[in-house]
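Student: Dumping the structure here so I can ask a few things about it.
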Amino acid sequence: MSTWEPVIGIEVHVELRTISKMFCGCPVSFGGEPNTAICPTCLGLPGALPVTNGTAIEWLARIGLALHCRIAPSSVFHRKNYFYADLPKNYQISQFDLPVCTDGWLEVTVDGEEIRVGIERAHMEEDTGKSLHQGLGGRIHSATSTLLDFNRSGVPLVEIVSRPDLRSAAQARAYAQDLRAVVAELGVSDARMEEGSIRFDANVSVRPTGQEEFGTKVEIKNMNSFRSLERAIASEIERQIAVLETGGVLTQETRHWDEEAGATQGMRSKEGSSDYRYFTDPDLTPMVMAPATIDRLKADLPELPADRRGRYSHLGLESHLVNVLSSSESGLRRVFDDAVALGADPVMAANWITGEVTAALRRTETATDDMLFTGPDLTGLLKMVSEGAVSSSAAKEVLTGVMAGEGTPAAVAQARDLIQVSDEGQINAAVDEVLGANPDAIVRFRGGEEKVIGFLVGQVMKATGGKADPKLVNSLLRQALS
Amino acid sequence: MPIEIDIVHVARLARLALTPEELERYRTQLGVILDHAARVQAVDTTGFAPTAHPLGLTNTFRTDEVRSPLDREEVLSQGPLVRDGYFEVPPALEGT
Amino acid sequence: MSLADLTIVEAGVRLRSGEASSVDLLNAVIERASFTEAQLHCYLTIDHEGARRAAETADREMAAGTDRGLLHGIPLALKDNFCTRGLATTCSSQILAGYVPPYDATVVSRLRSGGVVIVGKTNLDEFAMGSSTENSAFGPTRNPWDPERVPGGSSGGSAAAVAVGSALGGFGSDTGGSIRQPASLCGVVGFKPTYGLVSRYGLVAFASSLDQIGPLARTVEDALTLFEAVAGHDPLDATSFPGEVPEMRAGFEAGPRGIRVGVVKQLSGDGYEQPVAAAMSQMLDRLTNDGAEIVEVSLPTFDLALSCYYLIAPAEASANLARFDGVRYGLRVEGETVEEMMARTRAEGFGPEVIRRILLGTYSLSAGYYDAFYGQANRLRTKLIQELDDIHRRVDVLISPTSPTVAFELGARTQDPLAMYLSDVCTIPADLAGTPAISVPVGLDERGLPIGLQVMAPPLGEPIMFRMARAVEERAGFGARPSMAGTPS
């Protein structure tokens, strides 16, 4: 039985959240009554003309630069000709052989391994309207009619095509997630799979390990979450291997992921492959990108997820913590960055942010943007903890107080009477008191019973009204007992 | 020598439901026109890029701002079949 | 003389002097239409109510001292491929029968802002594809000089209306000669501007890289006036020229002295009727006498211009006409599936010439053929542009016949598409090059049929083109009107 190597490429469509559509001034909005954000251009009325949204092109270039692509000095739009009811002109304005971005890459970490996934191209196109298939199941196969809403028609869409560098469903998922993170970081799209503002298709094939030639490629569509993307690709790999191992032949086709069935289904076959008859769109002029513009866009790029993860690692965070902190909301990450800049210990700060602070936000149902806990607050709190001014459990209370708007950590600790006693003289006095009252405990401890220390610490804590720093109590007790 | 044209395929690409007689007539006519037009193939056009815009314009963009959409009722009034604010069509045989 | 026979300039004078009102002008052209429409069929729609309201408004405004410019209160005809909000726009096709656009073309908006009275929408070859207006789904327009003959096309309706006086001026569109050729056959002036000087937004597209809107009128000055009212950058048209419209009036009456006139070898020969060739050579003599320099030039790519055009225009058209599918507007023929519905709608809704060009265009773009046909034609187009550019170093303008023949009989060329296409050999080069070109009526042949000469200039060369056109017009002294225009008012 030979071993098989999966070969996977991912195609992503990203809806840009520009104010207006790609080729007309209709608003880019989601939801809303059908056919209310339409004009002659996005409705394909006779006589209408497209005009390119300059911001969308800049944003495409930014995406390309974030993915280390080459930006074409001159680029054009093509008409992709095919008939479909939700495509009002029955051609889509897209890019064919002169896309704005080419030859980039994205580094992705999967199971501790770092892989570089090639990006073949990223180009601009316009989205289609929405088809609502009426009839059983809302699917094409059993539809009795189709209702059309053109609100989405003409929304700017960036298509990003990876090279077939992925070798497992898990890698594909990681690539998809990391690509999404880059797009979200740039602020160019909401990039939410469940809303359809980011969509993934996969091209999957298998070949005997060691073979150079690619196997038959199958396109998989309709994966609506990262989890289903991974499941779908894994399922398809299995299917293909099963077919080939039983001597069957694979057809180059498009298959639809069926979440319920847990398998990919063939779609009704199209008559031959499509001939899109691409030609340069004569209604639009070529886009010439000046080097100065490219430099400016590059300089203005925000810190990208991969770079951020690297920075966290360098601060000493181990990989799990790096991942959790990286995927935290930007507001939380900012608190972390601010605290570290003020001298807070990165590991402590990261643990607090990803642990207690996140939990507190959830508990109080506060949005990160409304949070009243800042970098200086975190720094102050951590200082109090490491100096023993508050115990760890008291610190959680202090956090709650700061988030409730009661003031700085020091003020809250004071007001809520949470300050620990760390004065050695005070504690020693209590130690002496307790030891004096418990002579048999001393005997038992010196006799080897370690457990007794717990009882004695408890007694000292009681004597100090619970305010003594337990760690300090422990060490002073031991000193006294030795 | 008339050019061989797969007129059935071309008519399907262009979504034109033509009768066999019509298809044959158009096929012949197209052949004649293309014979004439094919003279361009003999011309040496090395070194010439295709014309993108007769005056060579580039970078004509619009600002990212909203312009009032059309009135929905006026638009739907032109629709051959509308339902609840949507355009309605028979079901599709093929997906995309 | 009826007010319907005034030029736009003359009408403007009378409006401002109070001798005539806009309503008077409208009544005159409507009356002329009432006598001529049954036979000529220039119009598909006459907007009686809308025109009346516009004329009354114009009179009220002018009386109150508001002057919207030279076209204020002037009744004009618009080709029925211009989107007019609230007014039927059919492109002479069954597939748009009854279609009422929800928006105005930019040109229409500008005309309305200028206080123009839109009389109605004129007949054309279906989707502007043709050279005789016989391809209209609603019947042909006839030539006012001889109703057994074609008015030319595709803007035949506008040309005939202007010629006969059922409008004082009009607009058409030109892709391969569709303004100039009917102007020539109907004895009026027809002008195609530099590509990009007039917005295409709202002009139902035929071939996007070639289409231009332009005026038809009885005099060169009227044509200039009409052009000025609509020219200029439009942010809704990405191919629209962003710079200033050239100043054209300064040298308008300067005459031909010192102008180097190129005569194109390739635009002459056997296919050219004798009276046309004679009119050409007579005009050249007169121009030479008055100080123009005539230079024989050769533009070999012009011999291939027709072929080049018939590989580019239908390809673009096949994509531009794909939107007519029965989904959102226009004709719908039922089908079990949407694919069937679209295919039946299009087969029934489009006429044969349109179908022929869609098939031709689809074919020349299809896999395996793109490079040999569409790709090659576009490279050849660049070569033609460069050749023309080179020639313009030696000459300022080119003069040629507008059409090799005068108006031909209805039905004479409908059986032979190629013969029909040959009507455009003189006009097509300016469309491919995007250069300005104008047809000026210079005389009648022995049968009383109009002959037109064409003046072509380099891109943005409108000033010198209009100057030479005016010089030609002055020397031709063409004042004849079709006898139908003499219909008593």
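Student: Please compute, for the alpha-carbon atoms of segment A:73-225, the extent along each of the three principal axes and give them in descending order in Å.
Tutor: The Cα atoms of segment A:73-225 stretch 48, 42, 32 Å along the principal axes, largest first.
Student: May I pose another question? Starting from the Cα gyration tensor of segment A:424-481, multiply each eigenvalue by 5, take the square root, and state the resulting semi-axes largest first in whole Å.
Tutor: 17, 11, 10
Student: Could you run the Karplus curve 6.51 cos²θ - 1.76 cosθ + 1.60 with θ = phi - 60° over segment C:49-60 and give me ³J(HN,Hα) per residue in whole Hz, x for Gly and Pro?
Tutor: After applying 6.51 cos²θ - 1.76 cosθ + 1.60, I find 5, x, 5, 4, 4, 5, 5, 5, 4, 4, 4, 4 Hz.
Student: Here is a further query. Give, to the nearest whole percent, the P(r) tail of segment A:64-110 beyond 11 angstrom, counting all Cα pairs.
Tutor: 71 percent
Student: Could you list, by residue number, the cysteines of the protein assembly as shown that have no other cysteine's beta carbon within less than 4.7 Å of their beta carbon?
Tutor: Among the cysteines of the protein assembly as shown, those whose Cβ sits 4.7 Å or more from every other are A:Cys24, A:Cys26, A:Cys39, A:Cys42, C:Cys42, C:Cys83, C:Cys91, C:Cys186, C:Cys308, C:Cys426.
Student: Stokes-Einstein diffusion coefficient for segment A:162-256 at 37 °C in a medium of 0.692 mPa s, Rh from the Kirkwood formula over Cα pairs: what value in µm²/s?
Tutor: D, rounded to a whole number, is 229 µm²/s.
Student: Could you put C:Cys186, A:Cys24, C:Cys426 in order, starting from the residue whose Cβ has the fewest other Cβ atoms within 10 Å?
Tutor: Details: C:Cys186 34, A:Cys24 26, C:Cys426 31.
Ascending number of Cβ neighbours within 10 Å: A:Cys24, C:Cys426, C:Cys186.
Student: Using +1 at the Cβ of each Lys and Arg and -1 at the Cβ of each Asp and Glu in the protein assembly as shown, identify which of C:Val188, C:Ser178, A:Ser393 lies farthest towards the dipole's positive end.
Tutor: So the residue we want is C:Val188.
Student: Please report, in cubic angstrom per residue, the volume enclosed by the convex hull of the alpha-carbon atoms of segment A:303-415.
Tutor: Once divided by residue count, the hull of segment A:303-415 is 94 Å³.
Student: Related question: Counting only pairs 8 or more places apart or on different chains, how many lysine pairs in chain A have C-alpha atoms closer than 18 Å?
Tutor: The number of close lysine pairs in chain A is 16.
Student: Just how large is the dipole of segment A:303-415 about the Cα centre, in debye to the nearest 20, putting +1 at every Lys and Arg Cβ and -1 at every Asp and Glu Cβ?
Tutor: 200 debye
Student: Distance between Cα centroids, segment A:219-272 to segment C:144-219: provide it in whole Å.
Tutor: Segment A:219-272 and segment C:144-219 have Cα centres separated by 57 Å.
Student: Using 1/(1 + (r/R0)^6) with R0 = 56 angstrom and r between the beta carbons of B:Glu65 and A:Lys462, what's the FRET efficiency to the nearest 0.05?
Tutor: The calculated FRET efficiency here is 0.20.
Student: To the nearest µm²/s, what D does Stokes-Einstein give for segment C:262-377 at 10 °C and 1.306 mPa s, using the Kirkwood radius over alpha carbon pairs as Rh?
Tutor: Working: Rh = 18.0 Å.
Using the Kirkwood radius from Cα pairs, D works out to 88 µm²/s.
Student: Rg(Cα) of segment C:90-236 divided by 2.2 N^0.38 Å?
Tutor: Computed over Cα atoms of segment C:90-236, the ratio equals 0.95.
Student: I'm a student and want to see the number: the projected area of the Cα convex hull of chain A, averaged over all directions, in nm².
Tutor: About 32.7 nm², averaged over all directions.
Student: Determine the distance separating the Cα centre of segment A:392-457 from the Cα centre of segment A:114-184; give it in Å without decimals.
Tutor: So the separation of the two Cα centres works out to 58 Å.
Student: Hey, another quick one. When the helix-only estimate is applied to the protein assembly as shown (DSSP H runs of n ≥ 4, each -39,500 (n - 2.57), divided by the residue count), what is the mean residue ellipticity at 222 nm, nearest 500 deg cm²/dmol?
Tutor: Helices in the protein assembly as shown give a 222 nm mean residue ellipticity of -11500 deg cm²/dmol.
Student: Can you compute 3J(HN,Hα) from phi for each residue in segment A:365-374, using the Karplus curve 6.51 cos²θ - 1.76 cosθ + 1.60 with θ = phi - 60°, rounded to whole Hz and x for Gly and Pro?
Tutor: 6, 9, 7, 4, 5, 9, 5, 9, 9, 10
Student: Within 10 Å of each residue's Cβ, count the other Cβ atoms and sort B:Tyr26, C:Tyr370 from fewest upward.
Tutor: The fewest-first ordering by Cβ neighbours comes to C:Tyr370, B:Tyr26.
Student: Another one. Could you tell me how far the Cα centroid of segment C:291-345 sits from the Cα centroid of segment C:106-123, in Å?
Tutor: 26 Å
Student: Given the alpha-carbon gyration tensor of chain C, what are the semi-axes of its equivalent ellipsoid in whole angstrom, ordered largest first, with each equal to the square root of 5 times an eigenvalue?
Tutor: On the way: eigenvalues 185, 175, 88 Å².
Output for chain C: semi-axes of 30, 30, 21 Å.
Student: For segment A:109-125, just list the computed ³J(HN,Hα) in residue order, Karplus coefficients 6.51, -1.76 and 1.60, θ = phi - 60°, integers in Hz, with x standing in for Gly and Pro.
Tutor: Whole-Hz 3J(HN,Hα) from phi for segment A:109-125: 9, 10, 6, x, 9, 9, 10, 9, 9, x, 10, 6, 6, 9, 9, 9, 8.
Student: Please list, short to long, the whole-number percent of alpha-carbon pairs of the protein assembly as shown in consecutive 20 angstrom bins beginning at zero.
Tutor: Final binned percentages: 12, 35, 27, 15, 7, 4, 1, 0.
Throughout, read-outs are computed from the coordinates displayed, never taken from laboratory work. Note that the structure is predicted; figures quoted are calculated from it, not measured. Every residue, glycine as well, gets a Cβ built from its backbone with ideal geometry; the counts of neighbours run over all protein chains shown.
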